[in-house]
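The values are calculated or read from the model by the stated rules, or taken from the named source; none is laboratory data. Here the structure is a predicted model, which is why all the values come from computation and not from measurement. Here Cβ is always computed from backbone atoms with ideal geometry, including for glycine, and neighbour counts include all displayed protein chains.
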Amino acid sequence: MFVRITKAPTGVEYVHTVEGYRDERGRSKQRIIASHGKLADLLAGDPDGLVKLKEQVQAAGVDRAAAKGVIVYDTSVPWDGGAPQNVGWLLVDSVLARLGAVGVMGRGTAGEVLRLLVCSRVVWPCSKFKAWERQQELFAGPTVPDWHEVYRVLDDIAAKSQALQQVAAASLERSPGSLAVVIMT
């Protein structure tokens, strides 16, 4: 919700509280929730009347959102006062496990690098080096002690790409014939 000031053809300015919504076809629309009269009358009664009205409308919008059951949760603020750690990567990790990728790569360094790179692309897309630098921000995340292992494992992933595709296809109950063959030179 917000406050809108409109000017009539006569030059008189009017104050309205307006809210945005979407119609049945999903298009953005606006509707007037309340009319507050002429701007000159509002300011004549209280020079700060417009500022106060905007604050009231903003507070009403927050209350209205709360009444609809909107929950706001800031994941960047740690709940226990410790260092913030991202747990969103656990979903990506479970998808990798479901696809069988971790089984092909193993739980050793190769599996950890695969988990780190894929998860970092989803959680905070960045370079491979930045992903390695930020790995401690992942709650109970993969640990890759040596930065140079990342590129060694990328070669391993390339060598096992067909096996990774076959395992993923099988886990999704797709036939091996549904896989496309890509030859890279």
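Using the structure shown, decide if LYS130 is of a type in the set (Lys, Arg) and either exposed (fewer than 13 other Cβ atoms within 10 Å of the Cβ) or touching an Asp or Glu at 6+ places or on another chain (Cβ under 7 Å) (or both).
Against the criterion (of a type in the set (Lys, Arg) and either exposed (fewer than 13 other Cβ atoms within 10 Å of the Cβ) or touching an Asp or Glu at 6+ places or on another chain (Cβ under 7 Å) (or both)), LYS130 qualifies.
For segment 137-152, which residues satisfy the criterion of being more than 16 Å from ASP93 (Cβ to Cβ) and outside any loop (DSSP other than H, G, I, E, B)?
Within segment 137-152, GLU149, VAL150, TYR151, ARG152 qualify.
Restricting to segment 1-30, give me the number of residues that are of a type in the set (Lys, Arg) and loosely packed, with under 10 Cβ neighbours inside 10 Å.
3
Please list, ordered by first then second residue, the pairs with beta carbon atoms under 9 Å, 6 or more apart or interchain, first in segment 87-107 and closer than 15 Å to VAL153 by Cα and assigned by TED's automatic domain parsing to the domain that holds ALA158, second modelled with pLDDT of 75 or more and basic (Lys, Arg).
Every condition considered, the pairs that remain are ALA101/ARG115; VAL102/ARG115; VAL104/LYS160; MET105/ARG115; MET105/LYS160.
State whether one or more residues within segment 65-85 are of a type in the set (Asp, Glu) and either assigned by TED's automatic domain parsing to the domain that holds ALA163 or at pLDDT below 70 (or both).
Yes, segment 65-85 contains at least one residue that is of a type in the set (Asp, Glu) and either assigned by TED's automatic domain parsing to the domain that holds ALA163 or at pLDDT below 70 (or both).
Cβ-Cβ distance below 7 Å, separation of 6 or more or different chains: which pairs start in segment 158-185 with a residue that is modelled with pLDDT of 65 or more and end on one that is among the β-branched types (Val, Ile, Thr) and assigned to a helix (DSSP H, G or I)?
Correct list of pairs: LYS160/VAL104; ALA163/VAL104; LEU164/VAL104; VAL167/VAL104.
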